[in-house]
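Data block below; observations after.
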Amino acid sequence: MTKLRQRLFNFTTFELILLALFAALIVVTKIVLRLPIKMPGHSGVFWMALIVVAGGIVPKPGALTLVGLTSAILASFLGLGDQGPIETFLSYLALGAAADVTATFLRTVEHPVTATLVGLVGNSAKMLVKLVVNVVMGIPAGFVAFGLLYSFITNAIAGAIGGFLGWLVLVALRRAGFFAYLEEKR
């Protein structure tokens with residue numbers, strides 16, 4: 001247990017600042033980039049791109065969960081979300097935790113397929129939290145199930161696109177020498 005704890009919580013101050021900046025970017029993206037698209041989960045394109053980039057810059061287990069937790073606290077405090085602060089907190093946290101588990105299991109987000117899968121799983125986890133909250137609140141299951149397939153498909157597509165875009169950003173950062181710069185700062 002001690003080795004796992006050291007691996008999970010072995011972040012430098014610089015890495016924690018980077019992760020907090022990505023969490024803040026996710027919340028700012030939610031506020032600023034309101035697209036008039038009537039498609040569930042479309043903001044996942046932006047969120048999952050940021051999550052994948054954060055996972056590429058700080059490739060440690062627990063990093064994306066920290067991004068999800070920090071963005072969950074910020075979003076809940078700012079009153080974002082459509083069903084209250086608890087649902088907002090849980091959906092942002094689930095997004096980060098699911099992306100983290102997927103990235104840890106696949107070992108990297110530096111490959112287009114794995115980055116796409118991280119985005120797909122993360123954005124779908126956010127949707128599933130909203131589904132569970134709706135069922136717990138007592139909304140009849142028929143209403144929830146009616147929109148579930150469409151919502152799942154659009155969330156999965158948006159998350160996958162976001163994951164792929166995040167991978168493209170990582171490739172561009174690597175070509176620009178950003179990772180060599182980070183190694184000098186660490």
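The values are calculated or read from the model by the stated rules, or taken from the named source; none is laboratory data. Fair warning: this is a prediction, and the values are worked out from it, not measured in the lab. Glycine gets a Cβ as well: all are built from the backbone with ideal geometry, and neighbour counts include every protein chain shown.
With respect to Ala99, determine if the residue is part of a helix (DSSP H, G or I) and either crowded, with 17+ Cβ neighbours inside 10 Å or hydroxyl-bearing (Ser, Thr, Tyr) (or both). Answer is yes for this residue.
Among residues of segment 109-135 that are of a type in the set (Ser, Thr, Tyr), those with a Cβ under 8 angstrom from a residue that is part of a loop (DSSP other than H, G, I, E, B) and at pLDDT 85 or above, sequence gap 6+ or separate chain, pair up as Thr114/Arg107; Thr114/Thr108. Restricting attention to segment 14-25, the residues being at pLDDT 90 or above and either in contact with a Pro (Cβ under 8 Å, 6 or more places away or on another chain) or surrounded by fewer than 17 Cβ atoms within 10 Å (Cβ to Cβ) (or both) number 5. As a summary of the residue check, Phe179 satisfies the conditions (1) surrounded by 12 or more Cβ atoms within 10 Å (Cβ to Cβ); (2) under 30 Å from Leu131 (Cβ atoms) except for the one numbered (2).
Does segment 63-96 hold any residues that are part of a loop (DSSP other than H, G, I, E, B) and free of Cβ contacts under 8 Å to residues at least 12 places away in the same chain, and which are they? So that I can check it myself, show each step before the final result.
Initial filter on segment 63-96 (part of a loop (DSSP other than H, G, I, E, B)): 79-84.
Selection gives Gly79, Gly81, Asp82, Gly84.
Taking segment 35-61 on its own, how many of its residues are among the β-branched types (Val, Ile, Thr), outside any helix (DSSP H, G or I) and buried (at least 20 other Cβ atoms within 10 Å of the Cβ)? Looking only at that region, the number is 1. Taking the conditions (1) in a helix (DSSP H, G or I); (2) within 19 Å of Ala172 (Cβ to Cβ); (3) not acidic (Asp, Glu) in turn, Thr104 satisfies each one other than (2).
Quick one: is Phe89 at pLDDT 95 or above and under 17 Å from the mean Cα position of the chain (by Cα)? No.
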